[in-house]
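Following: one structure in structure tokens, then a few remarks.
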Amino acid sequence: MPMLEIEYLNVRFSDTPVLKDVGLAVPRNASFGLVGESGSGKSTVLRTVCGLVDDWDGTISVADRKLGAKRDLAFYRTTQMVFQDPYGSLHPRHTIHRILSEPVKVHRLGDTEARVAAALAQVGLDATFRFRYPHQLSGGQRQRVAIARALILEPQLVLLDEPTSALDVSIQAEILNLLQDLQQRLGLTYVVVSHDLAIVAHMCETVAIMNRGRVVETVATGALGDTASLSPYSRQLLVASKGYDRAAVDRFVDFE
Amino acid sequence: METTGAMAETPLLDIENLRVTFRTSHGTVEAVRGIGFTLGRERLGIVGESGSGKSQTGRAILGLTAGNGEIRADRLRFHGQDLMGFGQREWRAIRGKRISMVMQDPIYSLNPVMTVGRQIVEAYTTHHRVSPREAKEKTLEMLAAVKIRDPESVFGRYPHEVSGGMGQRIMIAMMLIPDPDLIIADEPTSALDVTVQLQVLAILDDLVRERGMGLIFISHDLSLVSSFCDRILVMYKGRIMEELKASELHRAKHPYTRGLLDCLPSLDGPKAPLRVLRRDPAWEIG
């Protein structure tokens, strides 16, 4: 059984359909990429899975359990999310210790001190970071804290929403390496949302390419080199990812 | 070839030993530390990570350095004119008219309570004495030049009523309408989707070529800059590490440039860990 399975997921924001019959399956210990332009619905898929979207229908199963309208505490021990912007996702007036100990308290796991220290060590930060505030940290260090906060509950499924798009490329490399290393050590399953095909090709075995609320196609990232076999939408996205080419721009079309 | 031709005449910009220093409560911070370059009617890319001083370099050329900052330079010349001694009045004659700047985010840089058309008309009439009708006609022409399909309707819209890509085209229209000699584009497309980004760049590219302007393209995106510009300056902590022909980026010699190239994930790359940039303290010392 897959770690995450989504079938016929439909989401509407008031009257606007945002997701249309989205389906995907993510095997255990795999990395699955979701790629698309803004408004394609890629982040909405993650937000719906983790309970941040109310009005949806279809089926979502995580670790063989079908999700209902409400998520219980047990769900959040299996599934955690890391958000895009480490400048916005950490409470500015809480110390790193408080940020990391809050999930431990909510889930009544006990042993806070030891868990916080272990979580920091896991993401390569030393214990002195506990008493700092987010503004005293660099962007890369903040994203490490955000990852530590997700991992402190020992989840199996981690949803990563543009985890490095706010960071410089050299810091991005460090965070991507950290995520891959953690996945191997802890046996995690990742769903990675990104607008950057190269990141997804690097991190994931499989990628679903989305446009206007639909999954256009799901392909093995190894097959991205063989552009002939791709749908026109994916091919255009791939061409655009390779840099500026004046002649190629004239061949761009709008996809409905 | 174009580059060498342009360099033969007086350069558009001639900068020597430019320094930008800020006074802060934690002491002085040197954002730009003694850089120099010349620019002809070409497309020059300035690439660097955050804190490299690339944006401060662009702002210094337009006299837009914040109040607590100080600019020093052995030479800062535009068309042979010394920009160093400029007062507010002299700047106003240059800004917009001779040198203009396209900023990163159209949502924040357009006036939210003024229609798009009025803003562009204002940019034009500030520098040209024309009748209102003529200004409007010129504006509609300019909107068409940036490939906006229905200029009449867009003319009357407010910035929140247009998409990001269209907003950035409006910015470009506004910056190009006074017909400047030099455009400074600071991350002009970083907020846009890849395909829209390239479409906007193509419009900028065509207009800059047609009108024979110089362009400084400031970006963190090394591969985008190398595919778009003629020449690249790679900056790190306020200094220029390396100057390269864009087509020869793959032959970069400086370890910082090499390090930046190596840490990018690639579409067909191995899944092995990415190489991490090792920063050499020697890069920071002149």
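Observations on the structure shown:
- Stokes-Einstein D (µm²/s) once Rh is taken as the Kirkwood radius of segment B:99-179 over alpha-carbon pairs, at 4 °C in 1.567 mPa s: 105 µm²/s
- Surface/4 of the Cα convex hull for the protein assembly as shown, nm²: 27.0 nm²
- Taking 22 Å as the limit for the C-alpha separation, the pairs B:Lys54/B:Lys253; A:Lys242/B:Lys245; A:Lys42/B:Lys54; B:Lys97/B:Lys136; B:Lys54/B:Lys245; A:Lys20/A:Lys42 exceed it in the case of A:Lys42/B:Lys54.
- Take each residue of peptide B:256-268, count the partner chain Cβ atoms within 10 Å of its Cβ, and average: the result is 5.
- Angle between chain A longest axis and helix A:169-186 axis [Cα atoms, degrees, rounded to 10]: 70 degrees
- Model label zone, A:Thr227; criterion: amide N under 16 Å from point 7 Å along Cα-to-beta-carbon; scope segment A:182-200: A:197-198
- Averaging the sequence gap over all C-alpha pairs within less than 8 Å and six or more residues apart, then dividing by the number of residues, gives chain B a relative contact order of 23 percent.
- Dimensionless Rg over Rh [segment B:149-190; C-alpha; Kirkwood]: 0.99
- Approximating the spin labels as points 7 Å out from Cα along Cα→Cβ, the B:Leu64-to-B:Lys253 distance works out to 3.5 nm.
- Counting only alpha carbon atoms, the long axis of helix A:139-151 and the longest principal axis of chain A meet at about 80°.
- Estimated 222 nm signal from helices in chain B, with DSSP H stretches of n ≥ 4 weighted -39500 (n - 2.57), rounded to 500: -10500 deg cm²/dmol
- The residue among A:Val191, A:Ala248, A:Val219 whose Cα reaches farthest toward the positive pole of the charge dipole of segment A:181-248, with charges on the beta-carbon of Lys, Arg, Asp and Glu, is A:Ala248.
- Solvent-accessible surface ranking, highest first, for B:His254, B:His79 at 1.4 angstrom: B:His79, B:His254
- In Å², nearest 10: area of B:Phe86 left accessible to a 1.4 Å probe: 40 Å²
- The alpha carbon convex hull volume per residue for segment B:234-286 rounds to 90 Å³.
- Rounded Å value of the spacing that divides the Cα centres of segment B:24-61 and segment A:94-160: 36 Å
- Cα gyration tensor of segment A:4-250 - equivalent ellipsoid semi-axes, whole Å, descending: 31, 22, 16
- Distance (nanometres) between label positions extended 7 Å along Cα→Cβ at A:Ser61 and A:Arg108: 3.0 nm
- Cα-centred dipole magnitude for chain A, charges only on beta-carbon of K, R (+1) and D, E (-1), debye, nearest 20: 760 debye
- Residue by residue along A:192-201, Cβ atoms of other protein chains within 10 Å of the local Cβ number 3 on average.
- By a 1.4 Å probe calculation restricted to protein chains, B:Trp283 has an accessible surface near 20 Å², given to the nearest 10.
- Length added when fully stretched, A:Arg77-A:Lys242, from 0.36 nm per residue minus Cα-Cα: 55.5 nm
- Counting all C-alpha pairs of segment A:101-205, share separated by more than 23 Å (%): 27 percent
- On the basis of the beta-carbon distance and an R0 of 60 Å, B:His160 and B:Asp82 show a calculated FRET efficiency of 0.90.
- Tilt relative to chain A, helix A:112-122 - C-alpha long axis, 0 to 90 degrees, to 10: 40 degrees
- Part-to-part distance (alpha-carbon centres) for segment B:220-286 and segment A:192-256, which is given in Å: 25 Å
- Straight-distance candidates among the lysines for linking to A:Lys105, with alpha-carbon spacing under 29 Å and chain neighbours fewer than 8 residues away dropped: A:Lys66, A:Lys70.
- Heavy-atom accessible area for B:Lys136, with the other protein chains in place and a 1.4 Å probe, reaches approximately 80 Å².
- Among beta bridges that DSSP assigns inside chain B, antiparallel share in %, nearest 5: 60 percent
- Per-residue ellipticity at 222 nm, computed for chain A from helices alone with -39500 (n - 2.57) per DSSP H run of at least four residues, works out to -10000 deg cm²/dmol.
- Taking the Cα atoms of segment B:136-217, the ratio Rg/Rh between the radius of gyration and the Kirkwood radius comes to 0.94.
- Across every direction, the projection of the convex hull enclosing the Cα atoms of chain B has a mean area of 17.2 nm².
- Per-residue mean of C-beta atoms belonging to partner chains within 10 Å, peptide A:244-256: 4
The values are calculated or read from the model by the stated rules, or taken from the named source; none is laboratory data. Model, not experiment: these values are computed from the prediction. Virtual Cβ from ideal backbone geometry, glycine too; neighbours counted across all protein chains shown. Just the protein is used for accessible areas: all its heavy atoms, side chains included, with ligands, DNA and RNA removed. Shrake-Rupley method; radii C 1.70, N 1.55, O 1.52, S 1.80 Å.
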